[in-house]
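The values are calculated or read from the model by the stated rules, or taken from the named source; none is laboratory data. Fair warning: this is a prediction, and the values are worked out from it, not measured in the lab. When we count neighbours, we look across all protein chains shown, and the Cβ atoms used for this are built from the backbone with ideal geometry, even at glycine.
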Amino acid sequence: MEYNPDTGGKFKIVMNTYRVFGFWETLKEILLYLLSQKPHDDFDKKYGVMTSGVTESSEAGIADETARSLAVGYVPTREVVIRHILESTTKELDLNEFTFVDLGCGKGRTLIVAAQLPFKEVIGVELSPLHCEVAEANIKRYLSDGKQPALCRNVRVSCANAANFVFPDTNLLIYMYRPFLGPIFKHVADNLRRFQAVTGHRVLIAYSCPVEELMLEEYAGFVKRTEYQVISMDYSWSLWECQAEISPILALTAQD
Ligand SMILES: C[S@@+](CC[C@H](N)C(=O)[O-])C[C@H]1O[C@@H](n2cnc3c(N)ncnc32)[C@H](O)[C@@H]1O
């Protein structure tokens with residue numbers, strides 16, 4: 001993504017913001033941006049859950065020091081952004097054959113939105129035991145609330161470091177909202193590449209606020225399908241597809 005755009009680039013950013021947020025929300029976004037204000041967030045009220053707020057990783061009960069130092073603190077994705085991402089990425093997919101995985105799912109907000117689509121499974125992976133507990137309670141509450149329809153009821157939270165997570169044997173739509181940096185991101189990218197090469201499944205990666213996307217650009221095997229740079233870097237996202245070729249080493253791993 002271009003971080004210092006020229007005039008043409010700025011126009012494109014406003015147009016992308018319009019595509020993600022619609023007319024009135026874009027106007028609001030521009031005003032909020034100019035006034036350096038935060039947008040109003042009514043997700044929790046709407047779903048009767050607790051996903052709002054910001055938590056530093058140092059306050060999230062994470063025992064593993066290395067993982068904690070590479071973790072970005074908790075901030076939930078805005079509903080309008082995750083809805084736009086899901087609408088744009090799933091249009092041509094048979095969702096019964098895809099599992100949605102939010103790597104660094106925090107308190108589970110995106111899982112609630114993804115469960116409204118007919119995915120085979122919806123999984124959140126979260127390092128912080130405190131966030132995991134809240135995410136599980138949120139999912140339980142959401143699934144037991146008859147007012148809000150869930151098309152996928154197969155929703156779970158795995159309390160684990162994303163670098164150690166074993167992906168289910170299906171096509172994957174991975175979601176990440178700048179959860180972790182450096183070596184952990186690289187480890188996860190390697191795991192996804194290996195998973196794709198060994199299984200042949202489709203691996204799509206929707207990366208929101210893609211601070212480490214240079215790593216994907218530099219790797220062979222990741223193709224950028226699309227990107228939406230919007231007015232705030234926090235809500236910009238890009239879609240990648242993993243297309244690793246089977247190397248002799250990976251083929252050997254598959255036989256083990
Ligand atoms: C910016 S928040 C995003 C939350 C959620 N995905 C959303 O969009 O609403 C990033 C989350 O990633 C988690 N995280 C950081 N490092 C992680 C790791 N190595 N494995 C799993 N989760 C991690 C953090 O604890 C935090 O909850």
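Worth a mention:
- Number of residues in the stretch 65-111 that are among the hydroxyl-bearing types (Ser, Thr, Tyr) and assigned to a helix (DSSP H, G or I): the value is 6.
- Filtered residue count, the stretch 120-140, keeping only those that are more than 16 Å from the ligand (Cβ to nearest atom), in contact (Cβ under 8 Å) with a residue 40 or more places away in the chain and outside any loop (DSSP other than H, G, I, E, B): 1
- The stretch 172-256 holds strands (runs of 3 or more DSSP E) entirely within its bounds, and those carrying 2 or more residues that are within 25 Å of Arg68 (Cα to Cα) and at pLDDT 95 or above map to 203-208.
- Close pairs from the stretch 65-83: first near the ligand (Cβ under 8 Å from one of its atoms), partner among the β-branched types (Val, Ile, Thr) and outside any loop (DSSP other than H, G, I, E, B), Cβ under 7 Å, at least 6 apart: Ala67/Ile184; Leu70/Ile184; Gly73/Thr55; Tyr74/Thr55; Thr77/Thr110; Ile82/Thr110; Ile82/Val113
- All positions within the stretch 142-196 that are hydrophobic (A, V, I, L, M, F, W, C) and away from the ligand (no atom under 12 Å from the Cβ): Leu143, Ala150, Leu151, Cys152, Val155, Val166, Phe167, Leu172, Leu173, Ala189, Leu192, Phe195
- Taken across the stretch 14-23, residues that are surrounded by 21 or more Cβ atoms within 10 Å (Cβ to Cβ), under 21 Å from Asn154 (Cβ atoms), within 16 Å of the ligand (Cβ to nearest atom) and β-branched (Val, Ile, Thr) do not occur at all.
Residues are listed down the side, and each one gets a yes or a no for (1) surrounded by fewer than 21 Cβ atoms within 10 Å (Cβ to Cβ); (2) under 15 Å from the mean Cα position of the chain (by Cα):
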residue: Val157; (1), (2): no, yes
residue: Ile174; (1), (2): no, yes
residue: Pro179; (1), (2): no, yes
residue: Lys186; (1), (2): yes, no
residue: Leu192; (1), (2): no, yes
residue: Ala197; (1), (2): no, no
residue: Gly200; (1), (2): yes, no
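- Given (1) more than 18 Å from Met176 (Cβ to Cβ); (2) touching a helix residue (DSSP H, G or I) at 6+ places or on another chain (Cβ under 9 Å); (3) among the acidic types (Asp, Glu), number of the condition Glu56 does not satisfy: (2)
- Residue match in the stretch 41-49 (condition: surrounded by 14 or more Cβ atoms within 10 Å (Cβ to Cβ), in a loop (DSSP other than H, G, I, E, B) and modelled with pLDDT of 95 or more): yes
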